[in-house]
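The values are calculated or read from the model by the stated rules, or taken from the named source; none is laboratory data. All of these numbers come straight from a predicted model, not from anything done at the bench. Cβ placement follows ideal geometry from the backbone for every residue including glycine, while neighbour counts extend to all protein chains displayed.
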Amino acid sequence: MKKKVIAILFGGASSEHEISRLSASSIIKNISKEKYELILVGITKNSEWFLYTGDIENVANGEWESDNTNKKPAFISPDSSIRGLIICENQKYSIIKIDAVIPALHGKNGEDGTIQGLLQLARIPFVGCDTFSSAACMDKITTNITLKYAGIKKANFAFITKNYFYSNKEKCIEYIEKTLPFFPLFVKPSNAGSSVGISKVYSQDDLIKSIETALLEDNRVLIEEGINGQEVECAVLGNDDPIASICGEIVPSNDFYDYEAKYISNNSKLYIPAHIDEEISNKIRKIALNAYKIIGCSGLARVDFFVEKNTNEIYLNEINTFPGFTNISMYPKLFEHTGISYSDLIDKLINLSFERAK
Ligand SMILES: Nc1ncnc2c1ncn2[C@@H]1O[C@H](COP(=O)(O)OP(=O)(O)OP(=O)(O)O)[C@@H](O)[C@H]1O
Ligand SMILES: [Mg+2]
């Protein structure tokens, strides 16, 4: 059988550029070379696109970017009659046809519907959520409103815009304190990722400062009541009839799972299975599947929760549509413990992209 041509997009104009390179590198090393021919497309932090044909060891460390002999400007055309990558060389162009794309990109300009929109226009099957669900899950205000309206338990929240805040700070703070009377609160840019711009707030003075910090990342800010609980994550896989993995748990090394705890300190702990009762785990899996369907996800997503200490109440935190995908990341590890190996998982995801495109 003819090999399918799979383009793997990595890097991206995102604060999660580096972790994307690690995810892509793991995928490249583990994907079946018997079934698939790989085309590697690197995107720089400035959003320049290149076809990369050099040593795959230089994807993870970022050295691919300075390998000028093995990279050529290239981009995916939105024109559906091309369905491929356009390579630009010496004022001429050539085309590589593509059967499917794995956008191994995290955060802004990758996990937020932008790339997905391009691929939908191009009519190229791709792994992961579609344009709408990617955008809806990236935007924390939209996720909260949608899921709360559908009856899924969320921490109480308020949200504000930049204009509203700077036109009347006093009224704005009054509204937040009325809606959320108890500290600590979490203040988050609606659209950011990697905990960038997020603060845990213990007092009114901190509240104003943290809103200003969050407003540096986005024009809309979400404020949530803090939940004192365990952080539990569940992986979901599938299109119309998705399955949920067993649950895992993150124990952050800092006061909360901030950027440092996620990517720098290396002291945060990951447990599979999570330290929760089976009954709670089953409830979480059910809610994860429900939320996934409500917001229109397909392919994959990792759904994150808090299980409140003492009460065992379950709160959904967020849905990540392209979660970290190295072979030691939570999403693939959860499915490995559920009986699907890393390579099989990639295979299933590619098949799901073809199934959705039918
Ligand atoms: N309402 C809350 N109560 C308690 N802790 C919270 C709350 N919201 C966020 N946190 C803490 O802050 C961390 C980061 O918040 P969140 O998951 O919402 O954003 P994010 O991880 O930056 O988003 P993304 O996964 O899109 O990068 C959480 O993992 C958790 O440790
Ligand atoms: Mg998170």
Considering the stretch 295-314, residues that are within 14 Å of ligand 1 (Cβ to nearest atom) and closer than 14 Å to CYS247 by Cβ, and then whichever is nearest to the chain's Cα centre (by Cα), we arrive at ARG302
Kindly establish whether GLU231 is in the same structural domain as GLU336 (by TED's automatic domain parsing), in contact with a strand residue (DSSP E or B) (Cβ under 9 Å, 6 or more places away or on another chain), charged (D, E, K, R) and under 22 Å from ILE328 (Cβ atoms). yes
Of all residues in the stretch 243-284, which are among the hydroxyl-bearing types (Ser, Thr, Tyr) and either within 16 Å of ligand 1 (Cβ to nearest atom) or modelled with pLDDT under 95 (or both)? SER253, TYR257, TYR259, TYR263, SER265, SER268, TYR271
Of all residues in the stretch 69-84, how many are among the charged types (D, E, K, R) and in contact (Cβ under 8 Å) with a residue 40 or more places away in the chain? 2
If you go through the stretch 129-148 one residue at a time, how many are of a type in the set (A, V, I, L, M) and under 18 Å from GLY110 (Cα atoms)? 3
Among the residues of the stretch 177-228, which ones are of a type in the set (A, V, I, L, M) and either within 15 Å of ASN144 (Cβ to Cβ) or within 14 Å of ligand 1 (Cβ to nearest atom) (or both)? LEU180, LEU185, VAL187, ALA192, VAL196, ILE198, VAL201, ALA214, VAL221, LEU222, ILE223, ILE227
Only one of these is crowded, with 19+ Cβ neighbours inside 10 Å and touching a residue at least 12 places away in the same chain (Cβ under 8 Å): PHE354, PHE335. Name it. PHE335
Scanning the stretch 267-318 for residues that are free of Cβ contacts under 8 Å to residues at least 60 places away in the same chain, assigned to a loop (DSSP other than H, G, I, E, B) and among the small types (Gly, Ala, Ser), which turns out farthest from ASP130 (Cα to Cα)? SER268
Anything in the stretch 299-325 that is among the polar types (S, T, N, Q), more than 11 Å from ligand 2 (Cβ to nearest atom) and on the phi < 0 side of the Ramachandran plot? List them, or say none. THR311, THR321
Of those in the stretch 315-355 that are within 11 Å of ligand 1 (Cβ to nearest atom) and polar (S, T, N, Q), the residue farthest from ALA244 (Cα to Cα) is ASN317
